[in-house]
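This report refers to the structure that appears directly beneath it.
Each reported figure results from applying straightforward, stated rules to the coordinates on display, with no laboratory input. Since this is a predicted model, take the numbers as computed values, not measurements. As a convention, Cβ positions derive from the backbone with ideal geometry for all residues, glycine included, and neighbour counts pool all protein chains shown.
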Amino acid sequence: MIDNIWYKKTPYNLKDLAKIMEASYSKEKVETIQKKTFSPSTVGYSHGQCPRYWTLAFNGAEFNFSYDAQSLDNMQVGTDAHTRIQKNFEDSELEVVSEVEIKHEDPPIRGFVDLYIKNFKGKFNIPVEIKTTRLEAYAIRRAQKKPVAYHELQLLIYLYVLNERHGLIMYENKNDHSKILIPVEMDEHNKMKVDYALNWMREVYSIYKDGKIIKNPYRKNAKQCKTCPIRKYCFEDAEVGTVDFPPMNYSEVENEKVW
């Protein structure tokens, strides 16, 4: 985002030039997409908590992807950081595989593990999820020594599909590249939480397979709807739906406000 609060007098119109540059950064794309699987990175957060979103997406919906300059730059920074960190791990003495695809049939799930450390100490296989964040959120993770709830759910799904017990979430501070590692274990408590999420997905998918559409559990101004890529389609063009079904209520997800 170009935020020049003082436009010095120039022989050309600097303000108009800034607007053109800003517009060139922004991207908008509309396309019809039919989802085939749940995504671990989406299912526990924002519109991913919405059961109606998934039934519409599985049937095929009009997705509107709109990004401003700042959002695009943030995504690019995140992508670059993932690539850099993955390469550092690959160049270490660890046995590491990057971008490991995971698939599951019931419920249908597909995703990619950022890093998969193999045979650490001769017996541990450890999936690693990489997250980059701003200083304020990083400080909270460091102080609380626990991950954001939907980040934890994403990793727990990976652990479940890969049949592993131990995983790590790495948070990197965008400001100075400092990092923290937060271990996540598939203990009995976390097993109960991931079982809840998996059963929720199974029921939502079953409703879709029965040819039914879930009613919208949110109002149009709900925070879960604000960044939903099918918001316009959902409220204006899609069927109203006939089935009442609750949003995912994974522990603490709705309380996370700094991400």
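How would region 144-248 be classified by its alpha-carbon gyration tensor: rounded, prolate or oblate, with rounded meaning a/c under 1.5 and the a/b versus b/c comparison settling the rest? Write down the numbers at each step before the final one.
Values: a/c = 3.14, a/b = 1.58, b/c = 1.99.
Oblate is the answer for region 144-248, as a/c is 1.5 or above yet b/c matches or exceeds a/b.
Find, among the GluC sites (Glu not before Pro) in region 99-154, those assigned to loop by DSSP (not H, G, I, E, B) with at most 11 other beta-carbon atoms within 10 angstrom. List each step's numbers first, then the result.
Numbers: sites: GLU99, GLU101, GLU105, GLU129, GLU136, GLU152; in loops: GLU105.
Answer by residue number: GLU105.
Rounded if a/c is under 1.5, else prolate if a/b is larger than b/c, else oblate: which is region 27-249, with a ≥ b ≥ c the root eigenvalues of its Cα gyration tensor? Working shown, then result.
Values: a/c = 1.99, a/b = 1.47, b/c = 1.36.
In terms of gyration-tensor shape, prolate.
Any chance you could run the full-extension gain for GLU136 through ASP237? It's 0.36 nm times the residue separation minus the Cα-Cα distance, nm to one decimal.
Working: separation 101, 0.36 × 101 = 36.36 nm, distance 3.93 nm.
Length gained between GLU136 and ASP237: 32.4 nm.
Under a straight-distance cross-link criterion of Cα-Cα below 13 Å, which aspartates and glutamates are reachable from LYS118, leaving out those fewer than 8 residues away in the same chain?
The reachable aspartates and glutamates, counting only those whose Cα sits under 13 Å from LYS118, are GLU90, GLU93, GLU95, GLU164.
Do the alpha carbons of any pairs in LYS19/LYS223; LYS123/LYS191; LYS146/LYS223 sit beyond 26 Å of each other, and which pairs? Can you show the working numbers first?
Values: LYS19/LYS223 29 Å; LYS123/LYS191 21 Å; LYS146/LYS223 24 Å.
As for pairs spanning more than 26 Å Cα to Cα, those are LYS19/LYS223.
Might you report the magnitude of the Cβ-based charge dipole of the chain about its Cα centre, with Lys and Arg at +1 and Asp and Glu at -1, to the nearest 20 debye? Before the final figure, lay out each step's value.
Numbers: 38 positive and 37 negative charges, 122 e Å.
Rounded to the nearest 20 debye, it is 580 debye.
Can you compute the FRET efficiency between THR10 and ASN221 using 1/(1 + (r/R0)^6), with r the Cβ-Cβ distance and R0 = 41 Å? Round to the nearest 0.05. Mind dumping the intermediate values first?
Values: r = 42 Å, r/R0 = 1.02.
For THR10 and ASN221, the calculated efficiency is 0.50.
Using Cα positions and a limit of under 12 Å, work out the aspartates and glutamates in reach of LYS174, with same-chain residues fewer than 8 apart set aside.
Result set, ordered by chain and number: ASP80, GLU136.
Less than 26 Å apart at the alpha-carbon level, and either on another chain or at least 8 residues along: which lysines does that give for LYS15?
The qualifying lysines are LYS27.
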